[in-house]
Amino acid sequence: MSLHAVRPKILGFISEDVSAWLVALLVLLVGGVLTGLLAWSTLNLFHHQLRQRFQLLASERYSRIEERFEDQEQRLDGLRRFFANSDAISREEFNGYTQPLLRRTQAYSFAERISGDQRAAFERRVRDEGLTNFTVRELTADGQLQLAGERDEYVPVLYSQTQSKLGAPLGYDLLAQPLRRATLERADQHRGMAVSQPMHLVSIEPAYARGVLLVAPVMSRDDPDAAKNKPFGYVMAVISMRQLLADGLPEAGRDYLSVRILDLSTDDQHEVLFESPNAPAVSELSSTRLVRLADHDYQVDIQPSEAFLQANHSSVTSLVVLGGLLSVLLSALLYVLVSQRQRALKLVDQRTEELRAREQELRGTHGQLRGVLNAATQVAIIATDLRGVISTFNAGAEQILGYRAAEVVGHMTLENLHLPRELAARSAELSARYGKPVPTCQAMLVEGSVEGSVEGGHEGREWTLVRGDGSYLMVNMLATPVLDEQGLWVGHLAICIDITERKRVHEALAARDLLLKKLSAHVPGGIYQFKMEFDGRFSVIYASDGIREIYELDPDVLLLNAEAMFTRIHPQDTTRVRASIRASADTLSPWREEYRVQLPHRGLRWVRGEATPEELPGGGVLWHGYISDISDLKRVEEELRALSVTDSLTGIHNRRYFQERLTSEMARVERGSGELSVIMLDIDHFKRINDQYGHAVGDRVLQAVCERIGQRLRRTDVFCRLGGEEFMVLCPDIGSAQAYLLAVELWQSLRSAPIDGVGVVTASFGIASWRVGEGADALLLRADSGVYVAKLEGRDRVQGEAD
Ligand SMILES: Nc1nc2c(ncn2[C@@H]2O[C@H](COP(=O)(O)OP(=O)(O)OP(=O)(O)O)[C@@H](O)[C@H]2O)c(=O)[nH]1
């Protein structure tokens, strides 16, 4: 069954394979929809509650307005009855009655109706009461009161009780102003209260001047035709709408409602009686109701103000934000959970696969290990537990040590296989080194090859093991700790290699090395192995002690640095030696070279090297060779050489040497570099000297002539005895004229002074200078011809060169 089949689904319904992004998106979507639904229902509830609250506030405000309108009517009616039921009302009585009524009313007044005839008497009466300046007045166009004009009838204000600081407009004739007049007429007509159209009230502070005049006619109690006659006066309430409606309400900025009152009684247009100072807010909420005051109907429109909306703001925005945030957080959380879960599951899959692969690998490795253990028949592999008891004993161990695995595993320890005295010695050595006792059972396990390091490198150590038959076996044993997977020490692994044969070979090699050393010590010169790598680098593989004398270098120095050898070779020979080595490497031909070495102590020496090259696999050449000092041999050779080209009697060069030098000088001039001349001389009548003085004197004469001639020659001139009394001077780099002068000088040096016991000895000279294309024989022949001519012409002379 696959792992996928048993996995539970995410949140019970989301498949494991669904992308974490998709899950997060789905949750975000659902969260968004739920938030939207919740916001929608909350908004509906909010609007419902808002409407209810507004209606409540509006109803309360309507009640307040109606109540205050009724209150105004009742108070004015009371004042009217006060006048109607009294015979005469004095100013003090009026004031006393209206003083307590001045609440939410700007002023209460009483205006008496008088005819034009009664005006003067009326004014006089009132002035007599104490109002000395009292006159009937009317309003001018600019709002000032002035003396009223002559009319048939007046209704001047007689009494007035006002809150205004501007005072009462006493004497103001209400009939003089059309609106007030119309109001009085309507009151007369209805015989009841009438209210004016909205107007600017007189003698009221401007802020409160907008209002109405509520008028009630006062009929005389004593007038029998009161129903028909005009009233004798009017009581009035001056009502400022602002004062009436705003009293008891919070200030405009904090009032939740915006109120507007329209006067519907005007025919042409609905005039605004009152409008709240606070503007209505933009809202669908509004309420309208009709309210009546006296004979007028008013439309009262109420709308919520900004303060209302602010005090009742919706929490939907917060809800949406909160819902959105929660949705985002939830989707992010789910994304993290799902993706982490998926990652964890993938990791589990991956680790499971890895474990399976590791298991397979371990099985394979275990099989291979078992195979290796069994196949390693030349190596003893022994594993022990921590107590040293052997747990593995491979086929190689059986074969090498002569035990069967069955008799060793679980029965014997590694210590049992060792030679006891060797273990005891090693134990003592280790105990002394580490300053604590090391038991013999651990002596073969403690690493001792590195001083002071217990767990340092793992190097094999030679041990003597006791075989099954009691014989001894030399092994190289490498013991390493075995750790389990947690790194805990669980035992040891010892790998033993039989080194009996190796030791024998080492001993044989050591004996041969010793022999070689002894032999080479008795051989003059040095034996060496010299190697050139494929990249051209030199190295010395072996150098016997004899090399030390050849190069005055320690053999060990050469083993480290082969180039040190070349520092000893004479600078003029170094290039030649290197070239010959490379030539030998290229052609694999034997190397043989004689060269000079410049030694710190013995100075310049000649050596001869000989070596046989051998091509190495993979490139490079190895020489096996021998170097010897040939300085003595060279010296003898030089001496022999000198003898072979020297005339034994006179000590000057002989004919052979002359021939060699002539050949080389001819080659030089034929290459076009310089000139060449020869001067030939032959002693005159030498036979006579021999005959007269003896052969020995003749020999001395020959020596004396050579001495005199030699003194006159240049260092570059080559003076040779061709034989008998015949000589030749080879003069490089001089031409015919110079050669002639030299010959004359030589001729004179001979004849200018006598030789002891013999007298003056003369010679005949012939000269020849090399001509282009001329051979050696022709050159010599011409010189010889010169001597011949000199002899013919009487001897003792220099014969110049014929043209
Ligand atoms: N003492 C002595 N005599 C030599 C030697 N070699 C040759 N002679 C002699 O030199 C003589 C040469 O004589 P000639 O060839 O006749 O010449 P010459 O006597 O000098 O006469 P011209 O050359 O014609 O002047 C011979 O008698 C030789 O024996 C030598 O090494 N020592």
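Where a number appears in this text, it was derived from the coordinates with a stated rule and is not lab data. The structure displayed is predicted, hence computed values, not measured ones. Glycine also receives a Cβ, built like all others from the backbone with ideal geometry; neighbour counts cover every protein chain displayed.
Remark: Val300, Val505, Val328 ranked as Val505, Val328, Val300, counting other beta-carbon atoms within 10 Å and listing the fewest first. Binning the alpha carbon pair distances of the range 43-130 at 5 angstrom intervals from zero yields the distribution 3, 10, 14, 14, 12, 10, 8, 6, 6, 5, 4, 3, 3, 2, 1, expressed in whole percent. Considering only alpha-carbon pairs that sit under 8 angstrom and 6 or more positions apart, the relative contact order computed for the range 437-590 is 10 percent.
Of all DSSP-defined beta bridges confined to the range 681-803, some 80% are antiparallel rather than parallel. Cα centroid separation, the range 644-709 to the range 116-133: 193 Å. Here the Karplus relation 6.51 cos²θ - 1.76 cosθ + 1.60, evaluated at θ = phi - 60°, turns the backbone of the range 633-643 into coupling constants of 4, 5, 5, 4, 4, 4, 5, 4, 4, 4, 5 Hz, with x for every Gly and Pro.
What list do you get for Cys731, Cys441 if you sort them by fewest beta carbons within 10 Å? Numbers along the way, then the final one.
Values: Cys731 24, Cys441 17.
Placing the least packed residue first, the sequence is Cys441, Cys731.
Taking a point 7 Å from the Cα of Glu670 along the Cα-to-Cβ direction, the residues of the range 751-795 with backbone N closer than 11 Å to it are 773-777. Modelled label positions at Leu43 and Glu271, each set 7 Å beyond Cα in the direction of Cβ, lie 4.5 nm from each other.
The alpha carbon convex hull volume per residue for the range 640-770 rounds to 95 Å³. For Ile541, nonlocal amide neighbours, meaning residues 5 or more places apart or on other chains whose placed amide H falls under 5 Å from its own, are Gln529, Phe530, Lys531.
Near the amide H of Asn654, within less than 5 Å, lie the amide hydrogens of Thr646, Asp647, Arg721, all on another chain or at least 5 residues away, with H placed in the peptide plane. Each of Thr716 and Gln378 was given a label point 7 Å from its Cα along the Cα-to-Cβ line. The distance between the two points is 7.5 nm.
Please identify the longest segment of the chain free of exposed GluC sites (Glu not before Pro), where exposed means a DSSP state other than H, G, I, E or B and no more than 13 other Cβ atoms within 10 Å. Display every interim value, and only then the final one.
On the way: sites that count: Glu129, Glu150, Glu251, Glu284, Glu451, Glu455, Glu459, Glu485, Glu533, Glu793.
Value returned for the longest uninterrupted segment is 534-792.
For the range 462-566, the list of chymotrypsin sites (Phe, Trp or Tyr not before Pro) that fall in a loop by DSSP and count at most 14 other C-beta atoms within 10 angstrom reads Phe534.
Distance between the modelled labels on Val636 and Leu333, one decimal in nanometres: 11.2 nm (7 Å Cα→Cβ projection). Using the Cβ-Cβ distance between Gln163 and Asn229 with R0 set to 35 Å, the FRET efficiency from 1/(1 + (r/R0)^6) comes to roughly 0.55.
The Cα atoms of the chain cover 226, 106, 53 Å along the three principal axes, with the biggest extent listed first. Please find the FRET efficiency linking Glu615 to Arg387, where r is the Cβ-Cβ separation and R0 is fixed at 45 Å, and quote it to the nearest 0.05. For Glu615 and Arg387, the calculated efficiency is 0.20. Run through all the Cα pairs of the range 101-231 and give the fraction in each 5 Å bin from 0, expressed as whole percent. Once binned at 5 Å, the Cα pair distances of the range 101-231 give 2, 10, 18, 24, 21, 15, 7, 2, 0. Glu251 sits among other residues whose Cβ lies under 15 Å from its own Cβ, and their net charge, with Lys and Arg +1 and Asp and Glu -1, is -1. Couplings for the range 745-753, taken from phi via the Karplus curve 6.51 cos²θ - 1.76 cosθ + 1.60 with θ = phi - 60°, read 4, 5, 4, 6, 5, 6, 7, 6, 9 Hz in order; Gly and Pro are left as x.
Whole-Hz Karplus values for the range 254-265 come out as 10, 6, 6, 10, 10, 10, 9, 10, 9, 8, 8, 7 Hz, taken residue by residue from phi with 6.51 cos²θ - 1.76 cosθ + 1.60 and θ = phi - 60°; glycine and proline positions read x. The H on the amide N of Ile630, modeled in the peptide plane, is under 5 Å from the matching H of Trp606, Val607, Arg608, each at least 5 residues off or on a different chain.
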